[in-house]
1. Can you compute the helix-only [θ] at 222 nm over the chain? Use -39500 (n - 2.57) per DSSP H run of at least 4 residues, normalise by all residues, nearest 500 deg cm²/dmol.
2. Quick check for me: using +1 on Lys/Arg Cβ and -1 on Asp/Glu Cβ, what's the dipole size of the chain about its Cα centre, in debye to the nearest 20?
3. For the chain, take the longest principal axis of its alpha carbons; what is the angle in degrees between that and the long axis of helix 50-62, to the nearest 10 within 0 to 90?
4. Under a Cβ-Cβ cut-off of 15 Å, what is the net charge of the residues other than Gly220 that fall near it, where Lys and Arg count +1 and Asp and Glu count -1?
5. Tally the DSSP beta bridges in the chain and give the antiparallel ones as a percent, rounded to 5.
6. Only loop residues by DSSP count here, and only those with at most 11 other Cβ atoms within 10 Å; note down the GluC sites (Glu not before Pro) in the stretch 226-305 that meet that.
7. Just add up the charged neighbours of Ser118: K/R +1, D/E -1, any other residue whose Cβ is under 13 Å from the Cβ of Ser118.
8. Tabulate in residue order the Karplus-calculated ³J(HN,Hα) for the stretch 252-269, using 6.51 cos²θ - 1.76 cosθ + 1.60 with θ = phi - 60°, rounded to whole Hz; enter x for Gly and Pro.
Amino acid sequence: MTGIAIVAPSGYAPDNEAVEKAVTKLREQNFRVYNYYSHAGRFERFGATDALRLTQLKEAVSNPDVDIVIALRGGYGMSRLLKHIDFKSFAKSKKLFVGHSDFTAFQLGFLHHAKAVSFAGPMICNDFTHAGDDSFTMGEFWKCLKGPVYTVEWKKPANPQVDAEGVLWGGNLTMLVHLIGTRFMPRIDGGILFIEDIHEHPFRVERMLAHLNHARILSGQKALLLGSFSEYSLSDYDNGYDFEAMLRWARANIPIPIITGLPFGHMRNKVTLPVGAKSRLVSKGDTVLLTVSEYPTLPVPGAFK
């Protein structure tokens, strides 16, 4: 029986009743669930105090019956914990760490310090708690974790042709830029970098891409994959400047192929991506194939539904 630990290293759950329903649903599907999050223990905008959020992570890692450690949600808070995390010790536990958004900070630190793979994928809020159809996200999640090879295919016109191999890495764009120049930022040469974000106007996305480019991070990659960039607002002041205008600028000024349409990010239907895995990217015509391999998989089969 697969064991799942729920931890809250960042924000708290807006709807704890939905979290409890998600826990019940997982248990009904024959998973052991260890919920380290206490709604009563939330602190300011965080899932708990810094000390208690760190304790949640450590207890989940030390629990021998846990196979998967999944973040409750993103928001903000992981940055406060990074200097207190023993990434090499966490890697030795062989747990599969899952999340996205603010959890990107953990994933990049994990990759840098432990040379270990984690999973950019669903979180309890809102991927396990919404009332709609979650069959795509959950199906891709379990398919990826079962491995040993995972392929994502999508259709998107006007992408450049690419056939490249490299380490797959990345995550939330804001968190990626946030870590530049710190001891938690991995140095990946010849990689395939994926990014996504939410509530970021196209000019802020452009500014962060320019930062990555000026920092000579983008020039060292084989390709850049753009996932979902959602929930931003344009105004009359933009005067025609929108996401497509930003993309035209990026493709003209960033010296690597930029591929759009990756089904990942703050969106209902998302894939799961092993951060630090070997990958091959093939873009031809209007079809893109991303194949990942050589990453840790579930040691125990679960009831994948």
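1. The helix-only estimate for the chain comes to -8500 deg cm²/dmol at 222 nm.
2. It comes to approximately 980 debye.
3. On a 0 to 90 degree scale, this one is about 80.
4. +1
5. Working: 24 of 51 bridges.
Antiparallel bridges make up about 45 percent of those DSSP assigns within the chain.
6. On the way: sites: Glu231, Glu244, Glu294; in loops: Glu231, Glu294.
The qualifying sites are Glu231.
7. Summing Lys and Arg as +1 and Asp and Glu as -1 gives +3.
8. My calculation for the stretch 252-269 gives 7, 10, 9, x, 9, x, 10, 10, 9, x, 4, x, 8, x, 7, 8, 5, 9 Hz in order.
None of the figures in this text is laboratory data; all of them are computed from the coordinates on show. Source: prediction; values computed, not measured. Cβ: placed from backbone, ideal geometry, glycine included. Neighbour counts: every protein chain shown.
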